[in-house]
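Please treat every number below as a calculation from the coordinates, not as lab data. Predicted model, so just to flag it, every value in this text is computed and none were measured. Cβ atoms come from the backbone with ideal geometry, glycine included; neighbour counts cover every protein chain shown.
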2 protein chains.
Amino acid sequence: MSNEDDVWVEIALAQAHAAAARDEVPVGAVIIDAEGRELARAGNRTRELNDPTAHAEVLAIRAACSKLGAERLWDCDLYVTLEPCAMCATAISFARIRRLVYGAPDAKMGGVAHGARVYEQPTCHHRPSVDSGAGSEAAAQLLRSFFKAKRG
Amino acid sequence: MSNEDDVWVEIALAQAHAAAARDEVPVGAVIIDAEGRELARAGNRTRELNDPTAHAEVLAIRAACSKLGAERLWDCDLYVTLEPCAMCATAISFARIRRLVYGAPDAKMGGVAHGARVYEQPTCHHRPSVDSGAGSEAAAQLLRSFFKAKRG
């Protein structure tokens with residue numbers, strides 16, 4: 001992890017905070033290209049869009065692909081505040097993301113280090129390099145506060 | 001499998017044929033509600049939309065959710081010509097689809113009976129009932145022809 005990583009982790013966290021303010025599960029993501037330029041940032045919008053696939057990662061991938069006019073994000077990196085679920089981990093593989101940096105682990109819903117462990121499957125055609133833990137405590141604290149408030 | 005299933009399998013196959021005609025990987029899907037009414041049908045559009053998440057199942061789920069104004073498709077069934085990948089299998093779980101009927105098995109990319117086996121994970125919160133094989137030969141033949149033509 002580098003100082004540059006810290007900038008993107010902070011931007012992903014800001015997207016997570018913005019999602020919480022919209023009453024969405026607070027997860028945020030940002031995608032940067034090989035030159036270190038931002039392509040897209042997004043937070044969860046499943047409630048607003050009535051779309052169970054509108055996770056931060058999927059929205060960021062769709063926006064970045066649209067911007068590039070391409071189905072693949074070769075040499076691009078994705079930062080996200082929470083371990084991606086199996087849907088997002090697979091979408092990240094399809095998009096050919098080079099490097100995945102995620103914050104908090106997700107023992108219940110995660111699909112990278114937990115559950116389906118998408119990148120460990122022999123049938124997985126593209127595996128990003130994976131770093132985790134950056135901004136983990138802030139991301140986890142945000143999620144805890146959100147769900148605690150939900151429970152009243 | 002019932003006679004009613006056959007109708008939906010045929011509609012999903014027609015969507016797969018339409019996808020092939022658009023030069024998309026020929027997979028088609030249809031979602032019906034508890035009363036047996038069609039909510040949405042879709043074929044792959046990853047190339048057209050520059051969106052690696054635009055698989056038939058994801059597009060059908062997004063369209064059906066949009067139609068209902070809801071994030072969940074309780075008591076709805078999804079028919080698709082090919083075994084869903086891990087991304088789509090997870091999206092189907094998130095959407096709370098009641099029953100999944102798929103045609104051809106997919107040893108390379110499938111995430112239901114192969115690879116990540118999403119519904120067999122202890123962390124999977126909602127598992128649809130799964131039937132497979134309906135229209136399998138027609139779906140597989142369409143895929144074989146498509147990829148054979150691609151290879152020239």
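Descriptive notes on the structure:
- Remark: the protein assembly as shown carries a charge dipole of roughly 20 debye about the Cα centre, counting +1 on each Lys and Arg Cβ and -1 on each Asp and Glu Cβ.
- Simple Cβ-charge dipole of chain B, Lys/Arg +1 and Asp/Glu -1, about Cα centre, in debye nearest 20: 540
- Cα centroid separation - segment B:31-94 against segment A:24-72, whole Å: 19
- Across the alpha-carbon set of segment A:1-79, the Rg to Rh ratio works out to 0.99, Rh being the Kirkwood radius.
- Dimensionless Rg ratio for the protein assembly as shown, taking C-alpha atoms and the 2.2 N^0.38 Å reference: 0.97
- Viscosity 0.890 mPa s, 25 °C: Kirkwood-radius Stokes-Einstein D of segment B:63-122 over Cα pairs, µm²/s: 207
- Neighbouring Cβ atoms from other chains, within 10 Å of the Cβ of residues in A:73-82, number 0 on average.
- Closest approach to the axis - chain B beta-carbon, rotation onto A, Å: B:Ala116, 2
- With all projection directions averaged, the alpha carbon convex hull of chain A covers 8.5 nm².
- The protection proxy used here, the mean number of other Cβ atoms lying within 10 Å of each residue, ranks peptides A:15-28, B:37-50, A:48-61, B:134-147 as follows, highest first: A:48-61, A:15-28, B:37-50, B:134-147.
- Extending 7 Å from the Cα toward the beta-carbon at both A:Glu120 and A:Asp75 defines two label points whose distance is 3.3 nm.
- Between copies, A:Asn3 shows label-point distances of 7.4 nm, shortest first, with the point placed 7 angstrom from Cα along Cα to C-beta.
- Close Lys pairs in the protein assembly as shown, defined as Cα atoms under 20 Å apart and 8 or more places apart or on different chains, number 4.
- Across chain B, the relative contact order, built from alpha-carbon pairs under 8 Å that are at least six residues apart, equals 21 percent.
- Inter-copy label distances for B:Glu48: 2.7 nm (label point placed 7 Å from Cα along Cα→Cβ; shortest first).
- Charge dipole of segment B:112-152 (Cα centre as origin; +1 on each Lys and Arg Cβ, -1 on each Asp and Glu Cβ, all else neutral): 320 debye, rounded to the nearest 20.
- Evaluated at q = 0.13 Å⁻¹: base-10 log I(q)/I(0), Debye formula over Cα of segment B:105-152: -0.43
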